[in-house]
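**Q** Take a look at this one; I'll ask things after.
The values are calculated or read from the model by the stated rules, or taken from the named source; none is laboratory data. All values derive from a computational prediction rather than experimental measurement. Counting neighbours? That spans all protein chains shown, and the Cβs are built from the backbone with ideal geometry, glycine included.
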């Protein structure tokens, strides 16, 4: 593995080609907004069927924008033509930036980075879309911690304007400036977050969701009453349990565990009921069952 000092790095070029690792909801969304901003994208996943599903979803979302009149049909076609797919990380070799958008699992992400770095250009930046894991620790699994940064997009990526930009302890200033500028090119608003567990949004949001699950667990309210109370009482567009299902209960649990382990404060202890749902495989919308059952025409509370 090559080890660079900051002065050894070539000057950063303008980002013209982006690689995205992981063709799930987040990775597909990142690929879409980059392609719509005129940037070529290589979308990589270990499963060909996942890549096909991501491209199909991207096409549907762009079709919807055409129908609404927000883009022209030619813009849709041009965006789709800018995205190529692959199951081989070697195809990321020509990218100026590679964004990892895999499952929120630290060991998996480190394994991905170890497999990625031999294929990268010397001046390439690596970013993680992690929602909670230490950027400094992830950067240490690469040959270029100065060229490593966090880019935490919000879900759904095409609709949400925010990107949290997180510097690790070694992230170089030019890397940081380049990524902030890129976020603006993508039509997003970057905010700088320090490299502490769960950063800003999830540091605030996930404990609220966890507390809603405790409120359910302790019998203070039902699924329906908790969500209705927060929508009407706090003017939230979505109740916390509905939002947990949208995010994925496995992701919610992973973030809470990072907070609990990283800050050693009992207020971040994951609710046992959330653990039970994850153990049961009831992970929310993506499997059609979580705090609501989505298998019928309308969602039905499961508790």
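**Q** Give all pairs with beta carbons closer than 6 Å in which a residue from segment 8-25 that is within 20 Å of residue 185 (Cβ to Cβ) and not assigned by TED's automatic domain parsing to the domain that holds residue 59 meets a residue that is surrounded by fewer than 14 Cβ atoms within 10 Å (Cβ to Cβ) and at pLDDT 95 or above; count only pairs at least 6 apart in sequence or on separate chains.
**A** none
**Q** Something else about it: Only one of 207, 237, 272 is out of contact with any strand residue (DSSP E or B) (no Cβ under 9 Å at 6 or more places or on another chain), surrounded by 14 or more Cβ atoms within 10 Å (Cβ to Cβ) and not assigned by TED's automatic domain parsing to the domain that holds residue 37; which?
**A** On the way: 237 fails: surrounded by 14 or more Cβ atoms within 10 Å (Cβ to Cβ); 272 fails: surrounded by 14 or more Cβ atoms within 10 Å (Cβ to Cβ).
Every option except 207 fails the conditions.
**Q** Take the conditions assigned by TED's automatic domain parsing to the domain that holds residue 92 and within 23 Å of residue 54 (Cα to Cα) and apply them to residue 110. Does it pass? Let's see the steps before the verdict.
**A** Values: assigned by TED's automatic domain parsing to the domain that holds residue 92: yes; within 23 Å of residue 54 (Cα to Cα): no.
Spelling it out, it is not the case that residue 110 is assigned by TED's automatic domain parsing to the domain that holds residue 92 and within 23 Å of residue 54 (Cα to Cα).
**Q** Could you pull out the residue among 80, 62, 92, 57 that is farther than 16 Å from residue 158 by Cα, in the same structural domain as residue 157 (by TED's automatic domain parsing) and at pLDDT 95 or above? So that I can check it myself, show each step before the final result.
**A** Details: 80 fails: farther than 16 Å from residue 158 by Cα; 62 fails: farther than 16 Å from residue 158 by Cα; 57 fails: farther than 16 Å from residue 158 by Cα.
Selected residue: 92, the only one of 80, 62, 92, 57 that is farther than 16 Å from residue 158 by Cα, in the same structural domain as residue 157 (by TED's automatic domain parsing) and at pLDDT 95 or above.
**Q** Pick out the one residue from 189, 175, 215, 228 that is free of Cβ contacts under 8 Å to residues at least 60 places away in the same chain and in the same structural domain as residue 39 (by TED's automatic domain parsing).
**A** Details: 175 fails: free of Cβ contacts under 8 Å to residues at least 60 places away in the same chain; 215 fails: in the same structural domain as residue 39 (by TED's automatic domain parsing); 228 fails: in the same structural domain as residue 39 (by TED's automatic domain parsing).
Answer to the selection: 189.
**Q** Residues to consider are 254, 244; find the one that is modelled with pLDDT under 95 and buried (at least 19 other Cβ atoms within 10 Å of the Cβ). Lay out the reasoning, then the answer.
**A** Details: 244 fails: modelled with pLDDT under 95.
Just a single option satisfies the conditions, and that option is 254.
**Q** How many residues does segment 235-268 contain that are touching a helix residue (DSSP H, G or I) at 6+ places or on another chain (Cβ under 8 Å), within 20 Å of residue 105 (Cα to Cα) and free of Cβ contacts under 8 Å to residues at least 24 places away in the same chain?
**A** 1
**Q** Let me ask you something else. Anything in segment 40-83 that is in a loop (DSSP other than H, G, I, E, B) and buried (at least 22 other Cβ atoms within 10 Å of the Cβ)? List them, or say none.
**A** Quick first cut of segment 40-83, residues in a loop (DSSP other than H, G, I, E, B) only: 45-47, 69-72, 82.
Within segment 40-83, just 45 meets the criteria.
**Q** Do you know which residues across segment 160-172 are part of a loop (DSSP other than H, G, I, E, B) and either surrounded by 16 or more Cβ atoms within 10 Å (Cβ to Cβ) or not assigned by TED's automatic domain parsing to the domain that holds residue 135 (or both)?
**A** As a first pass, look at segment 160-172 and keep what is part of a loop (DSSP other than H, G, I, E, B): 160-161, 168-172.
168, 170, 171, 172, listed by residue number.
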